């Protein structure tokens, strides 16, 4: 005869749900200065979309790749160094 521990199962399920929620929040964290975003327009688009952005376009401007993107109703201009692939500047666009 096997004993059942419903409280233990409930705690395990709650822990699993919390871990999944946390991992989803981390996956959708906003891009920050110094983060790697990619060295090409396609890489940058994929990287930003994986973080919850909608990328409108990516173009070369002033020696940087500049992504125009939306997230949570806000518009952003995200500047990426094409040599390193790192974000060098983020501007909220009013």
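Placing a label point 7 Å from the Cα of residue 56 along the Cα-to-Cβ line, the residues of segment 71-94 whose backbone N sits under 17 Å from it are 71-80, 90-94. Global dimensions of segment 31-93 from alpha-carbon coordinates: Rg and Dmax equal 10.0, 30 Å. In plain terms, the chain from residue 43 to residue 93 could stretch by 15.8 nm, reckoned as 0.36 nm per residue minus the Cα-Cα distance.
None of the figures in this text is laboratory data; all of them are computed from the coordinates on show. Being a predicted model, the structure only gives us computed values, none of them experimental. Ideal geometry is used to build each Cβ from the backbone, glycine not excepted, and the neighbour counts take in all protein chains shown.
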